[in-house]
Every structure is written in C-alpha cells, then in structure tokens.
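The values are calculated or read from the model by the stated rules, or taken from the named source; none is laboratory data. Note that the structure is a prediction, hence the values are computed from the model and not measured. Every residue, glycine as well, gets a Cβ built from its backbone with ideal geometry; the counts of neighbours run over all protein chains shown. Ligands, DNA and RNA are excluded from the accessible area calculation, which covers all protein heavy atoms including side chains. Shrake-Rupley method; radii C 1.70, N 1.55, O 1.52, S 1.80 Å.
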Amino acid sequence: QVQVVESGGGLVQAGGSLRLSCAASGRIPSIDAMGWYRQVPGKQRELVAVISSGGSTTYADFVKGRFTISRDNAKNSVYLQMYSLKPEDTAVYYCKQTIRSSNLVFRYDYWGQGTQVTVSS
C-alpha cells in the first residue's frame, strides 16, 4: 500500500515564505509526475505546479515567479518552495504522486491528506 504524506504548512505573514514537502512510502516501482494542488472551501481543487519524471515543470499563472517545484527521486519526494506569499494563497495544499504498477503498465494517482497554508495580511 502506498502512502503520501505532506508537511510544512502553517501560518505566515504576507510576503513571507514556506516550503512544503511530500513523501511517498510503500511499494513504489516507479513514479511519474508529482504535483501540488490547492483548494479553498467552496471552490474546486486547482493545479499549482507539476513536475514530470524528467524534471519538466509546469506552473499555474498565479504562482509563476513565486513558487518553485522540485523533486528528489531517491526519496520519493516532491517539494514546493513558496516565496512572496499573498493572502489569496491561503488554502489547503495537496500533493499528488502518479505511481506505476509493478509491470509499469498502469498508473495510479495517490493523494496526500493536505496541509493548511494560511497567509495573513
């Protein structure tokens, strides 16, 4: 069974920084993309950033230039470094890891439980 666990959320003032971490554990033959998403009450979960197995990155327009996604394949981990945080960045941040089956044919998405990020003005 695969588990995905996020950490690093918290309360920060506007303009501040936070670093989120996400690690997968269990039986993990191979990991494809890793990504960060966020959700506020009453709204749909939205993509923040994603990084492919090859290291290519994609960012939502609202975080470009402020957030950086990275991964450590040896640790089955993905990180989100957030700078210049704004009150509108307040949300629950979720990590998703797309993991291959043992025969590498199928891919399955695993989500973490979420970590709260609150930015005060």
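Going by the structure shown, is residue 23 assigned to a strand (DSSP E or B), in contact with a helix residue (DSSP H, G or I) (Cβ under 7 Å, 6 or more places away or on another chain) and either open to solvent by 20 Å² or more (accessible area, probe 1.4 Å) or of a type in the set (Ser, Thr, Tyr) (or both)? Step through it out loud before you land on a result.
Working: assigned to a strand (DSSP E or B): yes; in contact with a helix residue (DSSP H, G or I) (Cβ under 7 Å, 6 or more places away or on another chain): yes; either open to solvent by 20 Å² or more (accessible area, probe 1.4 Å) or of a type in the set (Ser, Thr, Tyr) (or both): yes.
Criteria met by residue 23.
What are the pairs, 6+ residues apart or on separate chains, where a residue within the range 1-23 that is aromatic (Phe, Trp, Tyr) has its Cβ under 9 Å from a residue that is surrounded by 18 or more Cβ atoms within 10 Å (Cβ to Cβ)?
none
Only one of 68, 90, 58 is more than 16 Å from residue 117 (Cβ to Cβ), modelled with pLDDT of 95 or more and not hydrophobic (A, V, I, L, M, F, W, C); which? Explain how you work it out, then say what you get.
Details: 68 fails: more than 16 Å from residue 117 (Cβ to Cβ); 90 fails: more than 16 Å from residue 117 (Cβ to Cβ).
One residue alone meets the criteria, 58.
What tally of residues in the range 42-81 results from selecting those that are closer than 16 Å to residue 23 by Cα and in contact with a Lys or Arg (Cβ under 8 Å, 6 or more places away or on another chain)?
6
With 58, 68, 115 as the choices, which residue is touching a Cys at 6+ places or on another chain (Cβ under 9 Å) and within 14 Å of residue 36 (Cα to Cα)?
Exactly one residue qualifies, and that residue is 115.
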